[in-house]
Every structure is written in C-alpha cells, then in structure tokens.
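Data block below; observations after.
The values are calculated or read from the model by the stated rules, or taken from the named source; none is laboratory data. What you see is a predicted model; the values in this text were computed from it and never measured. Backbone-built Cβ (ideal geometry, glycine too); neighbour counts: all protein chains shown.
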C-alpha cells in the first residue's frame, strides 16, 4: 500500500478491536509493525490517536499510512490441516461453528506461526471466508473453541464476554496432590511483559484481577485433575494462577516450577494438560461440551 488510505467503518465492521481489524486488513504486515504504527500515532481514527484495544464504531474514519506489504503468500494451509479442523467440528449453525481444537495448533497465524485454526477454517469453503475467532485458546491447549460466521454474532458474543455472561470451564492436570480448599481464587495479573520475543504474564499487585473457581476431581501419586471455572478471561490466567499456587499445569514449559518432585515421574509428558471442556452462553442458548482427551485419563491412571 503506497498511498495514505482512509476507510469508513460500516455496520458490518463495527465492534472489532482496532488491532484485530488492522491485522485482518494488512495481510503480510508483521504484527509488531502494526502495533508500532498504532503506538506512534500513524494510525488515526477521526483524526485522533487510539489504542490497540479501541472498539471501532460505525462511522469511524480510519487513516492508514503507506505501508510496505510483503508479497509473500502466507495464507496457504496444507490440506491435511484443513481436513483435521473440518473433522474437529462438533456443532454448526448459521451463526457459528464449534470445534474440538487439537492441541499443538495456534488459534491464528502470526509471531512466527504461519497458519492457525482461523486460517484453516477459512480454507474449508467459501461460506467460511469471513469467519472470525470468538475467543482464543493457547497453541497447546485443546478443547471447545467457538468461531463466528458473521460479524453480527461476533459483536453479540464480544459484548456478552465483556459483561461476563459467558461460562467457560477447563480441565487441568497439575503437578502435586491438591491440598487446598475448593472454591474461588483471585490473583492480579499483568501482561505484555516481554521475555525474549515471547509474551509473559506475571502476578503483580497492580495488575488486573483474575478470578477462577478451582475444584478437585481426582488425585494420583504425582498429579491432580482440576475443574477450572473462569470468572474472568485474562491472558494465561489459569497457567499463571495454578503455578503461583504451587500446582503448575503438567507440560506448561513457560510457567512451570522447576522442582525435583515435579520431574521424578514415570509418565512421558508430551503436551500441556489444559483442555477447554465447555462454553455456555445462556442468552444465546449455547451449551457446548467436549470430552477430555484420552491423555487426561491415562496420566492419572498410569501414575505409579
């Protein structure tokens, strides 16, 4: 794009975050570059600076400066990945699809990742070209993930998520025998602290409050299986919170605790044991639940 471009936001585009809108619009531009031009004020909305999290409104005029877009095609998705995601669909209607996301695949491309779930979905067929993520799961988290097929449904979900009217439940296998009380746990988290080129979330007094209901389901010699009800949706919330309590998620390389007793097990850990079990929005009559992977049963059963 060699000239200044101005875009007026219509009804269909309204409700998106500024950063997400630009990431979708400026294919081939690194995310780091997009955040840089927002931070420097080169992106203007109604002639004013805005932050990446700004929600676009109908009638907003966005000024985009000249940006060099890579001619390299990064949107090719291998047919086996498309088939895998297609086979992972557990529900579909005119507004959204729900998938049982395999672990090891990112929610979207970027930051060194060529493709993700959303790119694969858009390659299933023409009717999915405008699909957008309702929520994200970490690359190594498996389970229930919702993908909108139209912007009206996406905006409605975004509003309900902001109002905390969405119920999300996860299963986590953690190191150690759970000896804390079941119930609600709170922690303050701060994100966007960079360690190398990776995003790191830390527990800080001045961070945003994260709330999770933690409930013990099963205990073995070295591990515990927990049900985790998210009352907030902070980045890496469960991973940081459980680690800070002394019960890191098995296979979590970023937030693990390096203790000898967490390494002396006979089980070969091949993944991060975090699984999105259910996604419920009562207002939209959505009640989705997927089964835990076989690995979750085996790790406790075979723990000797």
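Below is a table of values for the structure above.
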item	result
Count - residues of the range 30-44 that are more than 21 Å from the chain's Cα centre (by Cα) and assigned to a loop (DSSP other than H, G, I, E, B)	4
Looking only at the range 2-55, and only at residues there that are at positive phi and in contact (Cβ under 8 Å) with a residue 40 or more places away in the chain, the one that is surrounded by the most Cβ atoms within 10 Å (Cβ to Cβ)	15
Condition check for residue 83: surrounded by fewer than 16 Cβ atoms within 10 Å (Cβ to Cβ) and assigned to a loop (DSSP other than H, G, I, E, B)	no
Selected residue (criterion: modelled with the lowest pLDDT) from residues of the range 1-29 that are assigned to a loop (DSSP other than H, G, I, E, B) and under 16 Å from residue 133 (Cα atoms)	12
